[in-house]
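Visitor: The structure is given below, and queries will be raised subsequently.
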Amino acid sequence: MNTIQIPNRLASQPSHDPQFAVPLKTGHGQVQACDPRASRALISLMDMNAVLGGAACHFGGPSALAELMSALHALVFQEARMQNKSWFDLFHIVNDIGHAENGLYALKANYQMAGLSLDKLKQFRSFDSGLTGHGEVHCFPEGVFLSNGPLGSALPQSQGVAIGEKLSEKMRTTFCVLSDGAAMEGEAKEALAAIPGLAHKGQMGPYVLIISDNNTKLSGRIDDDSFSMAPTFETLKTLGWDVLFLEKAHDLPACAEVISQAMAKARMNPTKPVAIHAKTIKGFGIKKTMESASGGHGFPLKSARELPEFISEIYSGEKYPTVFDSWIEELIALESSKGKSTDTGEKIQKGVSQAMIRAAEKGLPIVSVTSDLPGSTGVAEFRKKFPKQSIDVGIAESNMVSTAAGLSKLGFIPVVDTFAQFGVTKGALPLTMASLSEAAMIGIFSHTGFQDAADGASHQALTYLAMTGSIPHVKAYALSCSEEANALVFQAAELMAEQLASGKTPYSHLFFLGRENFPSSFGAKNYKLGQAQLISETEGKTKTLIVAAGSLLGEGVKACAELASEGIGTILVNPSILNQIDVSFYAELLQKTEGRLVTLEDHQEIGGFGQQLVHALVTAGHSLKVKTLGVKGLFGRSAYSAGELYWSHGIDSSALIKGTRHVIALR
Ligand SMILES: Cc1ncc(C[n+]2csc(CCOP(=O)(O)OP(=O)(O)O)c2C)c(N)n1
């Protein structure tokens, strides 16, 4: 079948050897491969730049893959050179392990390909760089073919690529690299069955899956926290995979040997895809990270001054390249130039755990069902205190939500938690079916919108209300501070208990919250579940009602102060609940502002709170002079802080001031 010719944007292999290289023998002679130690050192250095900027980073995951990635690229590039072709004319390389994409940036910078250099790595995760937290096609098309970040989503896309190879009869070989944590996801499990199944029917091109099995996820060991994945991997053979076991995934020649073998087998017989079951060690190269339960998932160093010792350990005490020393010096100077943080706020997450603990102590049957992010969502404190009321289903958000539905039917009050992006995407059908089953839960969905600045577009939930707010019996809230979280999560648990006990159809309450620090209170009085809060009112000409949701309430406070200094009056409201509009509350305030209204949210404008509020008010007969501020149909990208993304998407305090002036000018 003829396909549409899409212009290729991927960079070809370089004609030169990597800057930091080790010799590697392959079936076709010797090549210079990327030195895995250099990959780990470069990961540490680029991470430190990002950490000093304020971004979280990953070390353990990419370190686990250094030898496998080095061998894979060396082999693929070698063959391309031998055939006088570009590597992408012969292969696809799909990385499902998005948090390890920085290892690939390091590798490509080492090869000085795809426009990368050591200097470019210094911008990792910053707003100005294409090197986003996870791999993103729209930011780095020379280096990324399929975007990643949500675990287990790139694997089934690679299945489609291999089916396309067969349909077009090009028969390029597809490689996909998958983590054991990602193999817990439903999307991944479907593909693990479908790939050999379809291949058996002759519908796939040559396919090689490399599984990095280190029994470690983000928050700890997989088997200790959730359940062993060993039986799942044992089923691969039965499913139809040709399984090659690699015990020593940190031995570069052993990696090259098994990858060559897999490539040859897959090409010889595309009806039998090959899975390399590689035993990796997360955080390899550093004793402390290898031994830590999380494998050093995040970046373990606090100060650039620790880097010489860290990199020496990676090089087992041998002298490392001097160019790293000058980079370290730069980092130390950068660190010294930074003042001490004056941030005095706190995480909204604190209020979440306080509410859950209070509810459980009151005797409510709270059960936490988590999927590997409780440390980030605030639920971890509850889990520490109530381990018997805490379940970990692994990295499986759909399963988490449906498990909660079952618990709810038996009279428990389940609390599920994850990042907003995974809760609303992977949780969408399970939430719908939970409502249809009259089973309810409390959702703690954090890192909402651009609050997950550093992780990049794949992690930035900008459709959370649009995706969940119209499901019957679901109430969606945007939390602004820990005090609000503490009050409302507790009230939601109480309301659910009351609804269950009286045989009423219970509501699910989904709480969307940020990641950064916020004031512990914005001064709202008497928090009541389902009611908007009046935050401030200033007198002045052309008074305008400003409704700023959740994480953006602080931007509202800033804008109101500035408008007050210009003599413009404002009323500032935190909507709190997003999909249930109390028309009389807003109508009363709009009388004072002669219908002037500006809304602000970290959500797509389409399907967002602003649209819902305006619709409710207009259909109730109110006339408005209105501006709704939200994201205008674009994806985000990485940035060190949410503020940079709020500014670039026109949803910060300055945009709010401009929007207010616009509304004031309307006749
Ligand atoms: C769908 C989805 N859920 C949650 C996360 C957050 N997350 C990032 S890495 C990670 C776990 C890492 O474990 P694993 O996938 O086994 O990788 P490794 O430990 O080998 O680095 C999690 C839960 C995510 N990226 N995608």
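Visitor: Is at least one residue of the range 73-85 free of Cβ contacts under 8 Å to residues at least 40 places away in the same chain, more than 21 Å from residue 210 (Cβ to Cβ), assigned by TED's automatic domain parsing to the domain that holds residue 48 and hydrophobic (A, V, I, L, M, F, W, C)?
Guide: No; the residues of the range 73-85 include none that is free of Cβ contacts under 8 Å to residues at least 40 places away in the same chain, more than 21 Å from residue 210 (Cβ to Cβ), assigned by TED's automatic domain parsing to the domain that holds residue 48 and hydrophobic (A, V, I, L, M, F, W, C).
Visitor: Collect the residues in the range 375-390 that are of a type in the set (A, V, I, L, M, F, W, C) and surrounded by 19 or more Cβ atoms within 10 Å (Cβ to Cβ), keeping them in residue-number order.
Guide: 379, 380, 382
Visitor: Give the residue, chosen from 143, 164, 197, that is in contact (Cβ under 8 Å) with a residue 24 or more places away in the chain, away from the ligand (no atom under 16 Å from the Cβ) and in a loop (DSSP other than H, G, I, E, B).
Guide: After applying the criteria, what remains is 143.
Visitor: Taking helices (runs of 4 or more DSSP H) that do not extend beyond the range 219-326, which have at least 2 residues that are more than 13 Å from the ligand (Cβ to nearest atom) and over 29 Å from the mean Cα position of the chain (by Cα)?
Guide: By residue number, 230-239, 252-268, 307-314.
Visitor: From the residues in the range 535-550 that are among the polar types (S, T, N, Q) and closer than 15 Å to residue 658 by Cα, which one is modelled with the highest pLDDT?
Guide: 544
Visitor: Taking the options 340, 388, name whichever one is free of Cβ contacts under 8 Å to residues at least 12 places away in the same chain and within 30 Å of residue 306 (Cα to Cα).
Guide: 340
Visitor: Something else: For the range 118-134, does any single residue satisfy the condition of being more than 16 Å from the ligand (Cβ to nearest atom), in a loop (DSSP other than H, G, I, E, B) and buried (at least 24 other Cβ atoms within 10 Å of the Cβ)?
Guide: Yes, the range 118-134 has at least one match.
Visitor: Then there's this: Residue check: is residue 68 surrounded by 21 or more Cβ atoms within 10 Å (Cβ to Cβ), of a type outside the set (Lys, Arg) and closer than 23 Å to residue 28 by Cα?
Guide: For residue 68, the condition - surrounded by 21 or more Cβ atoms within 10 Å (Cβ to Cβ), of a type outside the set (Lys, Arg) and closer than 23 Å to residue 28 by Cα - is met.
Visitor: Do any residues in the range 351-376 that are part of a loop (DSSP other than H, G, I, E, B) have Cβ atoms under 7 Å from those of residues that are away from the ligand (no atom under 16 Å from the Cβ), where the two are at least six apart or on different chains, and which pairs are they?
Guide: Close Cβ pairs satisfying both conditions: 364/413; 364/493; 364/497; 365/411; 365/412; 365/413.
Visitor: Restricting attention to the range 298-344, report how many residues are surrounded by 15 or more Cβ atoms within 10 Å (Cβ to Cβ) and basic (Lys, Arg).
Guide: The total comes to 0.
Visitor: Let me ask another. Got a sec? Which of 35, 17 is modelled with pLDDT of 95 or more and touching a Pro at 6+ places or on another chain (Cβ under 8 Å)?
Guide: 35
Visitor: Tell me the residue from 523, 567, 554, 550 that is surrounded by 18 or more Cβ atoms within 10 Å (Cβ to Cβ), among the small types (Gly, Ala, Ser) and over 21 Å from residue 614 (Cα atoms), please.
Guide: 554
Visitor: While we're looking at this one, here's another question. For the range 427-436, check the following and say yes or no: at least one residue is touching a Ser or Thr at 6+ places or on another chain (Cβ under 8 Å), among the small types (Gly, Ala, Ser), within 14 Å of the ligand (Cβ to nearest atom) and at pLDDT 95 or above.
Guide: yes
Visitor: Suppose we keep only residues that are of a type in the set (A, V, I, L, M) and within 14 Å of the ligand (Cβ to nearest atom) within the range 146-161. Which one would you say is surrounded by the most Cβ atoms within 10 Å (Cβ to Cβ)?
Guide: 154
One line per residue, one yes/no per condition, for (1) over 21 Å from the mean Cα position of the chain (by Cα); (2) surrounded by 16 or more Cβ atoms within 10 Å (Cβ to Cβ); (3) part of a helix (DSSP H, G or I):
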{"site": "601", "(1), (2), (3)": "no, yes, no"}
{"site": "611", "(1), (2), (3)": "yes, yes, yes"}
{"site": "614", "(1), (2), (3)": "yes, yes, yes"}
{"site": "617", "(1), (2), (3)": "yes, yes, yes"}
{"site": "628", "(1), (2), (3)": "yes, yes, no"}
{"site": "637", "(1), (2), (3)": "no, yes, no"}
{"site": "643", "(1), (2), (3)": "no, yes, yes"}
{"site": "659", "(1), (2), (3)": "yes, yes, yes"}
{"site": "667", "(1), (2), (3)": "yes, no, no"}
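The values are calculated or read from the model by the stated rules, or taken from the named source; none is laboratory data. Just so you know, these numbers come straight off a predicted model, no measurement behind them. Don't worry about glycine lacking a Cβ; one is built from the backbone with ideal geometry, like all the others, and counts go over all protein chains shown.
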